[in-house]
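The values are calculated or read from the model by the stated rules, or taken from the named source; none is laboratory data. Nothing here was measured: the structure is a model prediction, and the numbers come from that model. Cβ atoms come from the backbone with ideal geometry, glycine included; neighbour counts cover every protein chain shown.
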Amino acid sequence: MAIQALLIILVVMAVLLVIGVPISYAIAIASLSAILQTVPLDVSVLTAAQRTFVGMSKFSLTAIPFFILAGNFMNQGGIAKRLVDFVMAILGKLPGALLVTNVGANALFGAISGSASAAAAAVGSMVLEGEEEMGYDPAIGAATNGASAPSGLLIPPSNAMITYSLASGGTSVAALFLAGYVPGIIWALACVIAAIILAKRKGYKGLPGKFDWANLGRATIAAIPALSLIVVVIGGIIAGVFTATEGSAIAVVYSLVLGFCYKNLNLKSCWKIVVDSAKMSGMVIFLIGVSNILGWVMAFTQIPQAISAALLGLTNNQYVILLIMNVILLIAGTFMDVTPAILIFTPLFLPIVKTFGMDPIHFGLIIVYNLCIGNITPPVGNTLFVAIKVGRTTLGKVMPYMLLFYAFILIGLILVTYVPAVSLGLPMLMGMV
């Protein structure tokens with residue numbers, strides 16, 4: 001029954017996605033199609049409606065729309081420019097100064113806004129003019145911008161981590177946030193190395209002259225209000241001063257005030273941002289709700305147990321099992337967004353890794369890191385296509401340079417997967433594991 005149900009879910013979902021049905025409807029219809037072999041239609045529909053309502057009624061979910069709103073306020077509030085100036089003041093002497101600055105600013109802005117696409121759009125547009133003036137190849141600039149933007153999905157605050165917490169049955173959001181720092185920094189460093197290699201090949205030099213401490217001081221003072229958001233929100237969540245939901249509300253107020261102080265927001269722009277955030281939040285929350293139908297169907301038909309038995313029957317080597325999971329997640333990430341993929345694969349794979357003692361926090365970073373790679377991989381690759389559009393170039397010109405970034409990012413994935421201390425070191429230091 002489990003294998004039959006799984007095949008029905010995969011086939012129906014694939015067909016619906018190919019013909020253009022939204023992912024949330026595809027998940028719901030595929031799940032109902034699978035359960036109809038054992039449960040009557042009226043009972044299935046009623047239970048599905050109940051599971052959807054229950055899935056959307058969790059108080060912790062309110063953190064997601066708040067972080068989305070805060071990210072949109074930040075994107076329009078003038079924060080990106082100050083972060084670019086700050087990173088440029090620190091890294092401007094390295095080869096390919098603007099490329100390296102792009103990476104650092106994406107990591108900071110993505111962490112503050114929680115959106116890879118927003119980082120690629122905001123930061124990419126800030127460095128584009130300078131890259132054109134210095135004669136950088138637009139394709140290299142776009143590749144650097146796109147490849148580095150997802151690092152912000154790993155560095156908190158991260159909606160992907162909140163989604164994983166829900167899908168995994170309540171893994172600590174604070175511990176997940178803390179665990180994301182080192183993998184996020186590894187991703188950013190991988191992009192820095194790739195960018196410097198490309199810069200040296202092309203002969204792109206750093207800024208001339210000696211290191212300017214006065215410029216760094218001015219850039220730091222200008223960036224402190226934006227950087228303080230990370231300290232206030234994430235520090236408060238990790239220290240237990242407030243919950244992730246309360247922290248997300250604080251982030252909204254802080255970013256709104258900052259935007260008005262920078263004179264980049266007004267009442268008209270705020271209304272548009274609120275409406276856009278509500279639309280985006282509605283899609284995400286509804287998706288989480290219908291994923292509860294999929295979870296119910298999986299539990300009822302015992303799909304996770306069947307997959308666990310199949311994998312463990314194939315091999316009992318945990319390293320091989322993790323390799324297989326990574327391959328599956330990398331492939332899935334090429335055509336699925338991060339949120340639905342987390343909701344689908346967490347209940348499938350988490351019970352398996354628990355059998356050999358893996359901490360759910362560690363697995364959470366593995367699955368998010370894998371799926372972030374899908375953000376910059378065609379055919380979906382939303383963040384990559386945003387970077388290409390901002391850089392005014394084409395996919396064909398960008399992909400040869402992306403291969404080098406993929407290589408170093410995958411090395412980071414190996415470290416995150418097979419070295420637990422990469423993810424668990426900080427949570428263990430803080431007594432959360």
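Before moving on, here are some points about what is shown:
The rows are residues; the columns are (1) touching a strand residue (DSSP E or B) at 6+ places or on another chain (Cβ under 9 Å); (2) small (Gly, Ala, Ser); (3) buried (at least 24 other Cβ atoms within 10 Å of the Cβ).
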position: 76; (1), (2), (3): no, no, no
position: 103; (1), (2), (3): no, no, yes
position: 108; (1), (2), (3): no, no, yes
position: 126; (1), (2), (3): no, no, no
position: 135; (1), (2), (3): no, yes, no
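- Note on segment 276-292: among residues that are closer than 12 Å to residue 340 by Cβ and under 19 Å from the mean Cα position of the chain (by Cα), the one that is surrounded by the fewest Cβ atoms within 10 Å (Cβ to Cβ) is 283.
- Top-ranked residue of segment 134-161 - restricted to ones that are of a type in the set (Gly, Ala, Ser) and not in a helix (DSSP H, G or I), ranked as farthest from residue 102 (Cα to Cα): 158
- Of all residues in segment 267-283, those that are small (Gly, Ala, Ser) have Cβ atoms under 7 Å from Cβ atoms of residues that are modelled with pLDDT of 85 or more, 6 or more apart or on another chain, in 277/65; 277/69; 281/65.
- Any hit, segment 324-340, residues being of a type in the set (A, V, I, L, M), more than 18 Å from the chain's Cα centre (by Cα) and either more than 28 Å from residue 379 (Cα to Cα) or not in a helix (DSSP H, G or I) (or both): no
- The residues of segment 302-327 that are modelled with pLDDT under 90, of a type in the set (Val, Ile, Thr) and within 19 Å of residue 6 (Cα to Cα), listed by number, are 303, 307.
- Scanning segment 33-43 for residues that are surrounded by fewer than 21 Cβ atoms within 10 Å (Cβ to Cβ) and part of a helix (DSSP H, G or I) gives 33, 41, 42, 43.
- Of the residues making up segment 170-225, just one is without any contact (Cβ under 8 Å) to a residue 24 or more places away in the chain and within 19 Å of residue 237 (Cα to Cα), namely 170.
- Selection within segment 37-56: residues that are closer than 21 Å to residue 287 by Cα and touching a Ser or Thr at 6+ places or on another chain (Cβ under 8 Å). The member of this set that is modelled with the lowest pLDDT is 55.
- Residue within segment 18-32 that is touching a Gly at 6+ places or on another chain (Cβ under 6 Å), outside any helix (DSSP H, G or I) and over 30 Å from residue 210 (Cα atoms) present: no
- Residue match in segment 312-319 (condition: in contact (Cβ under 8 Å) with a residue 60 or more places away in the chain and either over 22 Å from residue 181 (Cα atoms) or surrounded by 16 or more Cβ atoms within 10 Å (Cβ to Cβ) (or both)): yes
- Restricting the first member to segment 63-76 and to residues that are touching a residue at least 12 places away in the same chain (Cβ under 8 Å), and the second to residues that are of a type in the set (Phe, Trp, Tyr), the beta-carbon pairs closer than 8 Å and six or more apart or on different chains are 70/254; 74/109.
- Considering 342, 376, 367, 361, the condition of being within 20 Å of residue 290 (Cα to Cα) and buried (at least 24 other Cβ atoms within 10 Å of the Cβ) is satisfied by 342 alone.
- Qualifying residue in segment 136-159 (condition: acidic (Asp, Glu) and out of contact with any Phe, Trp or Tyr (no Cβ under 9 Å at 6 or more places or on another chain)): no
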